[in-house]
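J.: Dumping the structure here so I can ask a few things about it.
Coordinate-derived values only; no laboratory data. Small disclaimer: the values here were computed from a predicted structure and weren't measured. Note that we place each Cβ from the backbone using ideal geometry, even for glycine, and neighbour counts take in every protein chain shown.
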Amino acid sequence: MKNIPTLEEMLQAGMHFGHRTNRWHPKMKEFIFTSKNNIYIIDLKKSQKKLVEALEFMTKLVSEGKRILFVGTKNQVSGPMKKMAEEINQPYIVGKWLGGYLTNFPVVKKSVKKYLDLVEKKESGRLEKYTKKERLEFDREINKLRERVGGLTSLNKLPDALFIWDIKEEETAVKEAIKKNIPIIAICDTNVNPDLVNYPIPANDDATKTIALVLESIKKTLLSVKKN
């Protein structure tokens with residue numbers, strides 16, 4: 001499979017650094033190579049293999065026209081993930097995960113519709129007839145909705161899968177996806193339970209270089225699907 005980072009690239013990105021040995025989840029044991037200075041070292045050969053499996057699954061979904069919801073609300077992830085999701089035209093949540101995104105999807109759909117209506121009215125000048133104060137209120141409403149559902153405008157039904165960066169951080173998203181039977185692909189550091197997800201990718205979930213490397217690999221792989 002093309003667009004898979006080499007072991008050397010993964011090493012240079014610091015993808016092998018796990019958490020401290022006193023903050024680990026025993027279920028991650030099979031993906032741990034060794035420990036060094038009280039830090040667990042992830043087995044990058046296994047990371048690479050799991051990344052290939054995840055990308056093959058994502059490729060299949062995208063080739064069938066299905067939607068993958070990308071979730072990453074941590075500071076170092078949110079910007080790059082939003083950019084990548086927009087480039088591959090997939091939905092995303094990079095602000096706060098509000099309980100009910102999946103379990104109460106009809107309400108989310110209403111919010112998306114309201115957001116798109118307001119944006120359309122503003123762009124077509126139909127809000128000009130209101131007072132300055134009222135227009136400010138509309139702007140506030142648009143910004144609030146953009147933050148909540150701006151990344152979900154292409155989602156007219158529940159997503160076919162979730163890609164989650166850091167399942168400890170996105171605990172609610174994981175719970176909701178499990179409840180709705182939606183497959184999860186996720187970056188799993190040494191402190192989480194990989195059994196919660198269908199396609200775990202063992203990796204450092206904090207390093208900005210790892211974030212850039214993995215997201216670039218996803219982007220190139222999924223864009224090549226669309227070209228074919």
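J.: Give me the one-decimal Kirkwood hydrodynamic radius in Å for the stretch 1-136, with the sum taken over alpha-carbon pairs.
T.: Details: mean 1/r = 0.0524 Å⁻¹.
Final number for the Kirkwood radius of the stretch 1-136 is 19.1 Å.
J.: If you don't mind, another one. Relative contact order for the chain: what is it in percent, counting Cα pairs under 8 Å that are at least 6 residues apart?
T.: 32 percent
J.: What does the charge count around MET28 come to, taking other residues whose C-beta lies under 14 Å from its C-beta (Lys +1, Arg +1, Asp -1, Glu -1)? Intermediate results must be reported in sequence, preceding the final value.
T.: Values: positive: ARG20, ARG23, LYS27, LYS29, LYS46, LYS50, LYS168; negative: GLU30, ASP43, ASP166, ASP189, ASP195, ASP205.
With Lys, Arg at +1 and Asp, Glu at -1, the neighbours total +1.
J.: Which of LEU127, LEU162, LEU44 comes first, and how do the rest follow, when ranked by fewest Cβ neighbours within 10 Å?
T.: LEU127, LEU44, LEU162
J.: Rounded to two decimal places and with Rh computed the Kirkwood way over Cα pairs, what is Rg over Rh for the chain?
T.: Using Cα coordinates only, the ratio equals 1.03.
J.: Mind jotting down the distance between the C-alpha centroids of the stretch 123-144 and the stretch 1-15, whole Å?
T.: 47 Å
J.: A further question follows. Relative to the longest principal axis of the chain, what angle (0 to 90°, nearest 10) does the C-alpha long axis of helix 105-123 take?
T.: 50 degrees
J.: How would THR131, THR208 line up from fewest to most surrounding beta-carbon atoms within 10 angstrom?
T.: So the residues, fewest neighbours to most, are THR131, THR208.
J.: Between GLY95, GLY79, GLY65, find the one with the highest GNM mean-square fluctuation for the chain; connect C-alpha pairs within less than 10 Å.
T.: GLY65
J.: Quick check: net charge around VAL214, other residues with Cβ under 13 Å of its Cβ, Lys/Arg +1 and Asp/Glu -1?
T.: -2
J.: Shifting gears a bit: First select every other residue whose beta carbon is under 13 angstrom from the beta carbon of THR172; then total the charges, Lys and Arg +1, Asp and Glu -1. Write out the running numbers ahead of the final one.
T.: Details: positive: LYS96, LYS168, LYS175, LYS179, LYS180; negative: ASP166, GLU169, GLU170, GLU171, GLU176.
Charge balance in the 13 Å sphere: 0.
J.: Mind computing the radius of gyration and Dmax over the alpha-carbon atoms of the stretch 105-150? Å is fine for both.
T.: So, for the stretch 105-150, Rg and Dmax equal 10.9, 34 Å respectively.
J.: Here's another thing I want to ask about it. What is the projected area of the convex hull of the Cα atoms of the stretch 156-228, averaged over all directions, in nm²?
T.: In nm², the orientation-averaged hull projection of the stretch 156-228 is 5.7.
J.: Still on this structure: According to a simple spin-label model (label point 7 Å from Cα along Cα-to-Cβ), what is the distance in nm between LYS27 and LYS133?
T.: For LYS133 paired with LYS27, the spin-label model returns 5.4 nm.
J.: Given the rule -39500 (n - 2.57) for each run of at least 4 DSSP H residues, summed and divided by the residues of the chain, what is its mean residue ellipticity at 222 nm, to the nearest 500 deg cm²/dmol?
T.: -15000 deg cm²/dmol
J.: Once phi is turned into θ = phi - 60°, what whole-Hz ³J(HN,Hα) does the Karplus curve with 6.51, -1.76 and 1.60 give for every residue of the stretch 187-196, x standing for Gly and Pro?
T.: My calculation for the stretch 187-196 gives 6, 10, 7, 6, 9, 10, 8, x, 5, 6 Hz in order.
J.: Can you tell me which of LYS50, LYS180, LYS132 moves the most in a GNM of the chain? Springs connect C-alpha atoms under 10 Å apart.
T.: LYS132
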